[in-house]
Amino acid sequence: MTFRIVVLAKQVPDTRNVGKDAMKADGTVNRAALPAIFNPEDLNALEMALRMKDSIPGAEVVVVSMGPGRAAEIIREAMYRGADRGFLVTDRKFAGSDTLATSYALSLAVKKLEPFHVLIAGRQAIDGDTAQVGPQTAEKLGLPQITYAEELVSIDTQKVIIRRRLERGVETVKAPLPVCITVHGSAPSCRPRNAKLVMKYKHARTTTELQEETRDYTELRHERPWLQITEWSVEDLQAETDKLGLAGSPTKVKKIDNVVLQHKESKVLTAADNDIDWLMKKLISSHIIG
Amino acid sequence: MNNVFVYCEITEEGHVAEVSLELLSKGRKLAGELGVKLEAVAIGSGIEKVSQEVFPFGVDVLHLADDPRLSPYRTLPHASIIIGLFKEEQPEIVLFGATSIGRDLAPRVASALRCGLTADCTALEIGDHTEPKTGKTYKNLLYQIRPAFGGNIIATIINPDTRPQMATVREGVMKKEIHSANHKGKVKNLDVSKYVKESDFVVEIIERHIEPQKLNIKNAQIIVAGGYGVGTPENFKLLYELADVIGAQVGASRAAVDAGLAEHERQIGQTGVTVRPKLYIACGISGAVQHRAGMDQSAQIISINKDPNAPINQIADYVIIGDVAEVLPKMIKYYKQNSK
Ligand SMILES: Cc1cc2nc3c(=O)[nH]c(=O)nc-3n(C[C@H](O)[C@H](O)[C@H](O)COP(=O)(O)OP(=O)(O)OC[C@H]3O[C@@H](n4cnc5c(N)ncnc54)[C@H](O)[C@@H]3O)c2cc1C
Ligand SMILES: Nc1ncnc2c1ncn2[C@@H]1O[C@H](COP(=O)(O)O)[C@@H](O)[C@H]1O
């Protein structure tokens, strides 16, 4: 039985480069208007998965991502760094899912990959900073969870030992497999792309992507089955539609406010001695300092 | 309507965590507004005494799960107790601290109860809602307000149809307020074996290093905070010097922390601590919304910045347009000569 490590990776809008049209009228994110990147902590998760693969001969790393078609980009990126296969959970009906609906869909996808030994996610995604999907997916699959993993101490086919980062220290825990691990940004960063793997996987495509190519890849695909990124729809997962998308999400966005500064009447001073002295004197005499 | 619950986290020292006391204060207000009771849940080992800590915050019922196996915290046994208890009690609202424990536990509970959970709320209010499509109205929902999308927007999240309505909140966001020193509630001891099963203990803790509470800038009365604009470690020393003479703590923006100018514990903002000192001196900080989220409740704000148009200036009471390397020594000098 192959030792299987499943990595959950998300393509996220780069929240450091947010423009005006980033939000749609219904309060959901307009992903099309933003540069998309590999969620940073998911790269830490991928690295931990690759280290597990390095220490268990014959192990495979499988990446699962849920998102629109272009999320296949991060699956390829993961392959360039050492992942063996990828699955894209994609369907219009998933749109608008909150963390509960997302973890439901992901748990069905991961179930299709059973038997697996380790499920690894990033701690949190930078678009929402919720850190909920990992533990919620674990709960749905009935797996124990180890959150905020910082270091893989050891792993064999039965158990894993992980050091985890807490607010005020570190804790080393041992868990039997299968287990769900979420990885903290303080864990080792991901290895770079490997030139050979880039050559091997650069033509990896989902079926949808292939339809847009002009060249006919049927034969190549036949010879090199690893180039297939499998897409899973709601139907493929046999998901109950009332647990998906906006309908399956208990949290609703009531209102979005763009952040506007409330202008305060402020007193403007210069760096000149008398200005600084005036301010300090005022602070001292009003007992704010001193 | 059912009651408001707060998960009371127990610290390494066996006390109720600050953030939980803050949430009890908020929970008390929400319960008052809704006309329901405030209930608390504490899980740990040897924790009978926590009742004395929580009752002054207006707790009506304290659910205690006390068992040697329940400390230190582990996800599965704590989750099983909470999930079992909430299935019986059907809370209206549940609040957790957004700590490494709260954020490990709450999603697991929300998944099992199939309810909504909003992480890192910065405000919680009670309000009504009318569904635009169906016209259906909902009374007295919990508005869970949080910055989203890297802090570029503020979202109000609601859970119209599912219960409980759950939220996590960071330490320092809500204000800790004693309700009444003599308030006495009821203690309900939970039968732990009814909720946890042997398999909940599969994850074994083999080693722990918990450092004593380090640096805590949250309760400082005065904060001198440095940003990326401070530029160099030498200039950052000026902040320590000023803080030292006026009795302040030093804080930092994330850019300053990322640049290695300050330790992570000093970071103020959405992903750092939230502070509300009586004086906040922002040195070379532009005032990105993620930073302001952690300091805009300060009673007085001074901004020292070369750029007259830095966003932080708009929320400052005093703006000194100038270079921190020039302004800080002058402040230090004046104070040394004129205090006492
Ligand atoms: C999800 C997310 C969470 C975040 N969380 C936080 C958080 O918790 N806390 C936080 O702080 N940030 C946070 N950030 C980052 C935030 O967006 C800003 O990048 C950061 O606050 C900027 O820090 P700064 O003001 O020090 O640096 P800058 O924006 O680079 O500003 C430097 C300022 O210094 C001034 N200056 C330069 N030289 C001098 C000088 N010699 N004298 C005086 N003034 C000078 C400049 O005019 C400028 O205004 C977060 C970002 C994201 C996406
Ligand atoms: N759409 C998704 N596809 C794959 N993994 C996801 C998705 N959403 C969340 N995750 C995983 O769950 C982690 C936590 O996400 P979040 O709860 O959104 O902060 C991420 O770091 C990912 O590993």
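What to note about this one:
- Against the conditions (1) among the aliphatic types (A, V, I, L, M); (2) farther than 19 Å from A:R164 by Cβ; (3) outside any loop (DSSP other than H, G, I, E, B), A:I126 satisfies every one except (3).
- Some residue of segment A:182-195 being over 21 Å from A:S55 (Cβ atoms), more than 8 Å from chain B (Cβ to nearest Cβ), surrounded by fewer than 16 Cβ atoms within 10 Å (Cβ to Cβ) and of a type in the set (A, V, I, L, M): yes
- Residue satisfying all of: in segment B:219-242; assigned to a helix (DSSP H, G or I) and surrounded by fewer than 20 Cβ atoms within 10 Å (Cβ to Cβ); farthest from the other protein chains (Cβ to nearest Cβ) among these: B:P233
- Any hit, segment B:127-145, residues being buried (at least 18 other Cβ atoms within 10 Å of the Cβ), under 23 Å from A:A121 (Cβ atoms) and of a type in the set (F, W, Y): no
- Hits in segment A:91-104 (condition: in contact with a Ser or Thr (Cβ under 7 Å, 6 or more places away or on another chain), more than 11 Å from chain B (Cβ to nearest Cβ) and near ligand 2 (Cβ under 10 Å from one of its atoms)): A:S97
- Only one of the listed residues (A:E151, A:E139) is touching a strand residue (DSSP E or B) at 6+ places or on another chain (Cβ under 7 Å) and not in a loop (DSSP other than H, G, I, E, B). That residue is A:E151.
- The criterion of at least 1 residues that are under 18 Å from A:V268 (Cβ atoms) and either more than 9 Å from chain A (Cβ to nearest Cβ) or within 16 Å of ligand 2 (Cβ to nearest atom) (or both) is met, among strands (runs of 3 or more DSSP E) falling completely within segment B:252-340, by B:279-283, B:300-305.
- Taken over segment A:22-48, the criterion of being within 11 Å of chain B (Cβ to nearest Cβ), in a helix (DSSP H, G or I) and either at pLDDT 65 or above or under 10 Å from A:C190 (Cβ atoms) (or both) is satisfied by no residue.
- Qualifying residue in segment A:204-219 (condition: in contact with a strand residue (DSSP E or B) (Cβ under 8 Å, 6 or more places away or on another chain) and under 30 Å from B:T99 (Cβ atoms)): no
- Test result for A:L119, in a strand (DSSP E or B), more than 8 Å from chain B (Cβ to nearest Cβ), at pLDDT 95 or above and more than 16 Å from ligand 2 (Cβ to nearest atom): no
- B:Q290 being within 24 Å of the chain's Cα centre (by Cα), modelled with pLDDT under 90 and within 12 Å of ligand 1 (Cβ to nearest atom): yes
- Among (1) part of a strand (DSSP E or B); (2) farther than 30 Å from A:V253 by Cα - the single one A:L88 does not satisfy: (2)
- Top-ranked residue of segment A:122-172 - restricted to ones that are more than 10 Å from every other protein chain (Cβ to nearest Cβ) and within 16 Å of ligand 1 (Cβ to nearest atom), ranked as farthest from A:V7 (Cα to Cα): A:A125
The values are calculated or read from the model by the stated rules, or taken from the named source; none is laboratory data. Predicted model, so just to flag it, every value in this text is computed and none were measured. Here Cβ is always computed from backbone atoms with ideal geometry, including for glycine, and neighbour counts include all displayed protein chains.
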